[in-house]
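Visitor: Take a look at this one; I'll ask things after.
The values are calculated or read from the model by the stated rules, or taken from the named source; none is laboratory data. Not measured: the values here are computed from a predicted model. In this analysis, Cβ positions are derived from the backbone assuming ideal geometry, glycine residues included, and neighbour counts consider all displayed protein chains. What goes into the accessible areas is simple: the full protein's heavy atoms, side chains included, and nothing from ligands, DNA or RNA. Shrake-Rupley method; radii C 1.70, N 1.55, O 1.52, S 1.80 Å.
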Amino acid sequence: MNEKTTNTRTETPDFDAVVVGAGFGGLYAVHKLRDEQGLRVQAYDNASDVGGTWYWNRYPGALSDTESFCYRFSFDKEGLENARWKNRYLTQPEVLDYLNDVADRYDLRRSYQFHTKVTAAHFDESTQLWRVWTDKDQMVTAKYLVTGLGLLSATNKPPFDGMDTFKGEIIHTGAWPEGMDLSGQRVGVVGTGSTGVQVIIAMAETAEHLTVFQRSPQYVVPIGNWPESEEKIQEYKDNYDAIWDQVKSSAVAFGFEESTVPATSVSEEERERVFEEIWNKGGGFRFMFETFSDIATDQEANDAAANFIKRKIAQIVKDPETAKKLMPSDLYAKRPLCGNHYYEVYNRDNVSLEDVKADPISKFTENGILLESGKEIELDAIIFATGFDAVEGNYTRIDLQGRNDVTIQDKWKDGPLGYLGVMEADFPNFFMILGPNGPFTNLPPTIETQVEWISDAIAVTERNGHKTIEPKPEAQEAWVETCQSIADMTLFPKAQSWIFGANIPGKKNTVRFYMAGLGAYRQELQAVVDDNYSTLEFDN
Ligand code: FAD
Ligand code: NAP
């Protein structure tokens, strides 16, 4: 281990660790640090209670697209033993109930101050402590700062002209007011990503009229959300350990074996057969990764999958003009989408589709949305399903300063960096859960992996009496390069989406994920431990 000395003064911190966030990440961090390591932990969330994503995203139709048996904590065996769920996927209230139940059983709420936003955090070199400020005019000190701010949590609300003149409700799906019911109203939805697809399917059933404002058509496969029997759930419980071993050693960690067969190695008939089989089984990640091994890496394989979905759109959508508008023309290389009977929605009389790439939104008016062509759509409510300032959004919204007053905004001005998705050079004793350049997967098993690694790193720092731990700049540089070179082997950087920061004007289009999968990532983390943390610097 590398050691260096600095002139510091001793100050007893208010807490050993401050944890920010009460989603999967923050909750598990509080449990590990407080209950297993005996640290004094203070946690914050600006929500009024636990849940994170599942607290904020209460829009109609909100659903996990990870299957129910593996959208949960693997450490919480007791939780699964007593668990019961209805369908193959969990609804937002079900995930929220689960996280509330975890918070109750592990008594996590007592460490949280809710309704509290962390506004600033500075590393004080003289005391080697973090100073953390909140919007409640508080300042506390702590040795460690552990953030679970969420990578899809900072809402993106494009500033359309005239928004303040609109008389009806404007609601972002990621800040959906509890109980907000738009049944019987004329509703507009802007955006057709994972969220848009879910809210469109749900709103079509209840709105008087639904207008979808689509900028980019998407590839959407069925989700296959059928009821899950007692026997099936018992089977998951009986095979608990084997299931989690498989999830954690796989690439996307969605609870299925990824295909090892390239689409380019089989006949067209065989491709069609496999695509049809998985289409009927349902699941976006399954369609991209269980069908063939090269959909996300090879243009020919990608075209084959894309063309299959386009043929389905043509078969399902009755009006040829609408079908044409729904037809994607780009790569099938954004975050895979799924939803039950999505394209069928456009056969309904109460649903219309506006192609706002061809005829962009000019402005919001008192009564609705005006397109550049002069067409005005009258609406009672407008739903923004416009996504998130993903990955770094909640970090750059905090006044976060590391050594030598370096700010995170400055450090990440050319795109976020991050070491192993959990640390940042120049930011000692600072740990991120789902920080930049972590794996692109079903997220709870990645969150657990990271929290466990963070907790071990803190334990090592404490055991050896170190004051600080941080990544060596050269190790971080090498990690970001590794992430970039792996991403370059895939088609993802060529598609315009939040995965590479392309969804928000002004954001740098750079690598934000380690695309080699959770199994390989876990090996990378283990290698650091086995090598006695030689890529990290400890200060005494
Ligand atoms: P979050 O759950 O986002 O929690 C972050 C918390 O930090 C929030 O409560 C926020 O209020 C708080 N916070 C942020 N900044 C501050 C601050 N400055 N001060 C105080 N508090 C702060 N992933 C999957 O793998 N499978 C799925 O099926 C899936 N479905 C999803 C569906 C939706 C609608 C969305 C939006 C995301 C979905 N995701 C899914 C991704 C999901 O975000 C993760 O699975 C997971 O819930 C992230 O947990 P987290 O604890 O890291 O962050
Ligand atoms: P998203 O994938 O970024 O989609 C945002 C949508 O809004 C896109 O259709 C985008 O169009 C559109 N948009 C953005 N700005 C616009 C503008 N100025 N004018 C018109 N349209 C605009 O966001 P999301 O749907 O919220 O999903 C984000 C991620 O959250 C998902 O990828 C997934 O990881 C997670 N999630 C998962 C589920 C699930 O199935 N369990 C559900 C919801 C969310 P362009 O494509 O043209 O940019």
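Visitor: Using Cα pairs under 8 angstrom and six or more residues apart, how large is the relative contact order of the chain, in percent?
Guide: Relative contact order comes out at 20 percent.
Visitor: May I ask you to evaluate 6.51 cos²θ - 1.76 cosθ + 1.60, the Karplus curve with θ = phi - 60°, for each residue of the stretch 480-492 and list the ³J(HN,Hα) values in order in whole Hz, giving x for glycine and proline?
Guide: So the J values, rounded to whole Hz, are 5, 5, 4, 4, 5, 6, 5, 4, 5, 7, 10, 8, 4.
Visitor: Estimate the FRET efficiency between GLU235 and ARG397 by the formula 1/(1 + (r/R0)^6), using the beta-carbon distance for r and 60 Å for R0, to the nearest 0.05.
Guide: 0.85
Visitor: Once you keep just the Cα pairs under 8 angstrom separated by 6 or more residues, what percentage relative contact order results for the stretch 177-320?
Guide: It comes to 20 percent, rounded to a whole number.
Visitor: Another question, then. At q = 0.22, 0.24, 0.25 Å⁻¹, what log₁₀ I(q)/I(0) does a Debye calculation on the Cα points of the stretch 393-499 give, no solvent, two decimals?
Guide: Log10 of I(q)/I(0), two decimals: -1.38, -1.50, -1.53.
Visitor: Could you calculate the contour length gain from ASP107 to ARG9, that is, 0.36 nm times the residue separation minus the distance between their Cα atoms, to one decimal place in nm?
Guide: Between ASP107 and ARG9, full extension yields an extra 31.8 nm.
Visitor: Rg and Dmax in Å for the stretch 190-288, alpha carbons only: what are they?
Guide: Both quantities, over Cα of the stretch 190-288: 17.6, 49 Å.
Visitor: For helix 194-206, report the angle its Cα long axis makes with the longest principal axis of the Cα atoms of the chain; keep it between 0 and 90° and round to the nearest 10°.
Guide: 50 degrees
Visitor: Let me ask something additional. Can you tell me what the convex hull of the Cα atoms of the stretch 1-159 projects to on average, as an area in nm²?
Guide: 12.7 nm²
Visitor: Continuing with this model, one more query. Normalising by the residue count of the stretch 1-94, find the relative contact order in percent from Cα pairs under 8 Å and 6+ residues apart.
Guide: Once normalised by length, the contact order is 24 percent.
Visitor: Can you bin every Cα-Cα distance in the chain into 20 Å intervals starting at zero and give me the percent of pairs per bin, rounded to whole numbers?
Guide: 21, 55, 23, 1
Visitor: Let me ask something else about it. Which distance in nm do the two modelled labels at ASN87 and GLU378 give, with both placed 7 Å along the Cα-to-Cβ direction?
Guide: 3.4 nm
Visitor: Given charges of +1 on the Cβ of Lys and Arg and -1 on the Cβ of Asp and Glu, with all other atoms neutral, how large is the dipole of the chain about its Cα centre, in debye to the nearest 20?
Guide: It works out to roughly 680 debye.
Visitor: Among GLN523, VAL351, TRP226, whose Cα lies farthest out toward the positive end of the dipole of the chain, if unit charges sit on the beta carbon of Lys, Arg (+1) and Asp, Glu (-1)?
Guide: It is VAL351.
Visitor: Quick check: at a probe of 1.4 Å, how many percent of the accessible area of the stretch 352-391 sits on carbon and sulfur atoms?
Guide: Answer for the stretch 352-391: carbon and sulfur cover 41 percent of the accessible area.
Visitor: While we're on this one: Calculate, for the chain, the solvent-accessible area per residue in square angstrom, rolling a 1.4 angstrom probe over the heavy atoms of the protein chains.
Guide: 40 Å²
Visitor: Still on this structure: Tell me the angle of helix 299-316 to the major Cα principal axis of the chain, expressed in degrees between 0 and 90 and rounded to the nearest ten.
Guide: Roughly 50 degrees, rounded to the nearest 10.
Visitor: Cα centroid distance between the stretch 410-481 and the stretch 353-398, in Å?
Guide: Result: 36 Å between the Cα centres.
Visitor: Whole-Hz ³J(HN,Hα) for each residue in the stretch 147-156, computed from phi via Karplus 6.51 cos²θ - 1.76 cosθ + 1.60 with θ = phi - 60°, x for glycine and proline: what do you get?
Guide: Karplus-based 3J(HN,Hα) across the stretch 147-156 equals 10, x, 7, x, 8, 10, 9, 7, 5, 10 Hz.
Visitor: Does the stretch 427-474 come out rounded, prolate or oblate by the C-alpha gyration tensor, with a ≥ b ≥ c the root eigenvalues, rounded set by a/c under 1.5 and, if not, prolate when a/b is larger than b/c and oblate if not?
Guide: oblate
Visitor: Give me the extension gain from ALA314 to GLN37: residue separation times 0.36 nm, minus the current Cα-Cα distance, reported in nm with one decimal.
Guide: Between ALA314 and GLN37, full extension yields 94.0 nm more.
Visitor: May I pose another question? ILE382's amide H: which non-local residues (gap 5+, or another chain) put their own amide H closer than 5 Å, with H modeled 1.01 Å from N in plane and none for Pro or chain starts?
Guide: Close amide H contacts, sequence-distant or interchain: GLU169, ILE170, ILE171, GLY188.
Visitor: What's the extension gain from LYS357 to LYS136 if we count 0.36 nm per residue and subtract their Cα-Cα distance?
Guide: Computed gain between LYS357 and LYS136 is 75.3 nm.
Visitor: Can you tell me what share of the DSSP beta bridges in the chain is antiparallel? A percent to the nearest 5 is fine.
Guide: 40 percent
Visitor: Net charge near LEU371, counting Lys/Arg +1 and Asp/Glu -1 over other residues with Cβ under 15 Å of its Cβ?
Guide: Charge balance near LEU371 sits at -2.
Visitor: Let me ask something else about it. Please list, or write none, the lysines whose alpha carbon is within less than 19 Å of the alpha carbon of LYS136, excluding same-chain residues fewer than 8 places away.
Guide: Partners found: LYS117.
Visitor: Here's a follow-up. Would you kindly compute the Cα radius of gyration of the stretch 202-251 and its largest Cα-Cα separation (Dmax), both in Å?
Guide: 18.7, 48
Visitor: Please give the helix 518-530 orientation as an angle from the longest Cα principal axis of the chain, in degrees from 0 to 90, rounded to the nearest 10.
Guide: The answer is roughly 10 degrees.
Visitor: How big is the antiparallel share of DSSP beta bridges in the stretch 400-540, given as a percent to the nearest 5?
Guide: Around 75 percent antiparallel, to the nearest 5.
Visitor: Return the lysines within reach of LYS167: Cα separation strictly under 28 angstrom, same-chain partners fewer than 8 residues apart disregarded; answer none if there are no such residues.
Guide: Leaving aside lysines fewer than 8 places away in the same chain, those within reach of LYS167 are LYS157, LYS357, LYS363, LYS375.
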